[in-house]
Amino acid sequence: MTHAAITGVGAYLPERIVTNDDMAKMVETSDEWIRTRTGIRERRIAAEDQATSDLGVGAARAALTDAGLAPADIDLLVVGTSSPDMVMPSSACLLQAKLGLSCPAFDVMAACTSFIYAIQVATSAIESGRARRALVVGADALTRLIDFSDRRTCVLFGDGAGAFVLEANDEPGILGIDLGADGSKPEVLQIPAGGSAMPATCQTVEDGLHFVQMNGQEVFKFAVRAIPATTKKALAASDLTIDDVTWLVPHQANQRILDTVADRLHLPHERVFSNIECLGNTSAASIPLAVNDLYTSGSLRRGDVLALVGFGAGLTWGAAIVRWTKEDL
Ligand code: UT7
């Protein structure tokens with residue numbers, strides 16, 4: 001059987017750093033509140049002329065270089081995002097042109113779980129023989145969709161992009177995947193206006209309905225249930241247990257979520273990767289950005305097992321178990 005494995009990893013972060021003290025100049029908040037409630041100290045914000053596909057270009061090029069491939073080698077591009085450049089065409093098509101690819105390209109929208117969904121799509125294409133080399137990008141400029149006068153949301157998010165190259169491989173790299181969705185409570189985390197249900201009008205703009213609205217406590221409760229459950233299911237599908245996991249790499253939304261999940265899975269906290277302090281919640285980009293940090297810091301060894309776990313609006317959740325097959329840096 002043909003398997004899929006990660007052969008390239010890349011990341012891109014916009015240059016502008018916004019600290020908690022900077023946030024405190026915009027809304028009534030404090031470095032102390034943000035740090036103790038979320039673990040975040042600073043985040044990156046895209047430049048005015050950067051949209052989601054522009055962030056994706058940097059990550060995708062880095063992943064291609066890491067894999068030793070040229071754009072012409074790629075036969076599938078999947079972009080996970082919930083802040084596409086525009087409603088249509090997809091950010092994947094815009095990114096395809098910027099990279100000089102000529103392969104099929106489309107977006108996957110599962111909010112902060114988008115990257116795990118995108119891995120599933122690319123893995124299935126490779127395993128079935130419909131693609132051999134897929135570029136999977138998680139990119140979000142979610143700060144464009146945030147109300148910077150709403151302290152409940154604006155302190156949480158940052159912008160960025162991460163990418164994997166997945167290739168057909170004799171040795172399995174992507175092991176088991178678990179995905180889930182429960183659309184019964186969309187209001188828990190949503191952007192109500194700007195789509196076909198509530199097209200943009202002067203009123204929707206005045207009411208701020210094209211910004212992210214979130215019931216933080218509901219999402220928190222959901223996350224600390226969903227992450228352990230989906231991780232265990234994906235591990236079972238891989239014939240592995242939590243003891244086999246070298247690194248749990250959860251979506252970076254709140255340090256308190258990561259700590260709670262570590263306890264619930266009986267994992268030492270140092271095996272649960274976190275870079276939320278410097279990046280905040282970068283939505284679909286957070287998981288590949290985290291893997292890139294682990295990889296470039298020399299923390300990954302061939303044979304390591306990574307549990308990549310996402311959750312977010314929808315509600316959606318999902319986990320992909322990865323055996324690290326790249327040679328050590
Ligand atoms: O990828 C998307 C996934 N999203 C998430 O994972 C979010 C999950 N939820 C969370 O991370 C947390 O619920 C938050 C960080 C969003 C909020 O933390 P919390 O401990 O649940 O706070 P809270 O919503 O219960 O609010 C406590 C207080 C409130 O004041 P009152 O009503 O007690 O007077 C808020 O108004 O904190 C206030 N507050 C703030 N104060 C200072 C809310 N945001 C801020 C802020 N600065 N930025």
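Miscellaneous remarks
- The set of residues in region 1-37 being surrounded by 22 or more Cβ atoms within 10 Å (Cβ to Cβ) and among the hydroxyl-bearing types (Ser, Thr, Tyr) consists of Tyr12 alone.
- Condition met for Phe222 (within 12 Å of the ligand (Cβ to nearest atom), within 27 Å of Gly162 (Cβ to Cβ), within 22 Å of the chain's Cα centre (by Cα) and aromatic (Phe, Trp, Tyr)): yes
- Figure legend. Inter-residue proximity from region 279-305: first residues farther than 23 Å from Ala51 by Cα, second residues within 16 Å of the ligand (Cβ to nearest atom) and among the β-branched types (Val, Ile, Thr), beta-carbon distance below 9 Å, spacing 6+ or different chains. Indicated pairs: Leu294/Val249.
- Residue match in region 185-196 (condition: over 24 Å from Ala51 (Cβ atoms), touching a residue at least 24 places away in the same chain (Cβ under 8 Å) and not assigned by TED's automatic domain parsing to the domain that holds Ala319): no
- Residue tally, condition within 26 Å of Trp324 (Cα to Cα) and either touching a helix residue (DSSP H, G or I) at 6+ places or on another chain (Cβ under 8 Å) or of a type in the set (A, V, I, L, M, F, W, C) (or both), over region 74-91: 7
- Any chance Thr282 is closer than 16 Å to Thr325 by Cα and touching an Asp or Glu at 6+ places or on another chain (Cβ under 9 Å): no
- Checking Phe106 against (1) assigned to a strand (DSSP E or B); (2) within 14 Å of the ligand (Cβ to nearest atom), the condition it does not meet: (2)
- In this entry, Pro199 is excluded by the filter for residues that are within 12 Å of the ligand (Cβ to nearest atom) and not assigned by TED's automatic domain parsing to the domain that holds Val79.
- Region 80-97 residues that are assigned by TED's automatic domain parsing to the domain that holds Leu55, paired with ones that are among the charged types (D, E, K, R) and surrounded by fewer than 21 Cβ atoms within 10 Å (Cβ to Cβ) (beta carbon under 8 Å, 6 or more apart): Ser83/Arg144
- Enumerated helices (runs of 4 or more DSSP H) restricted to region 248-305, each holding at least 3 residues that are within 12 Å of the ligand (Cβ to nearest atom): 255-264
- Of the residues making up region 38-87, those that are among the charged types (D, E, K, R), under 13 Å from Ala161 (Cβ atoms) and surrounded by 19 or more Cβ atoms within 10 Å (Cβ to Cβ) number 3.
- Close pairs (7 angstrom Cβ cut-off, 6 or more residues apart or separate chains): of a type in the set (D, E, K, R) in region 156-176, outside any strand (DSSP E or B) and within 16 Å of the ligand (Cβ to nearest atom) anywhere: Asp159/Ala141; Asp159/Leu142; Asp159/Thr143; Asp159/Thr282
The values are calculated or read from the model by the stated rules, or taken from the named source; none is laboratory data. Everything quoted here is computed from the prediction, not taken from an experiment. Glycine also receives a Cβ, built like all others from the backbone with ideal geometry; neighbour counts cover every protein chain displayed.
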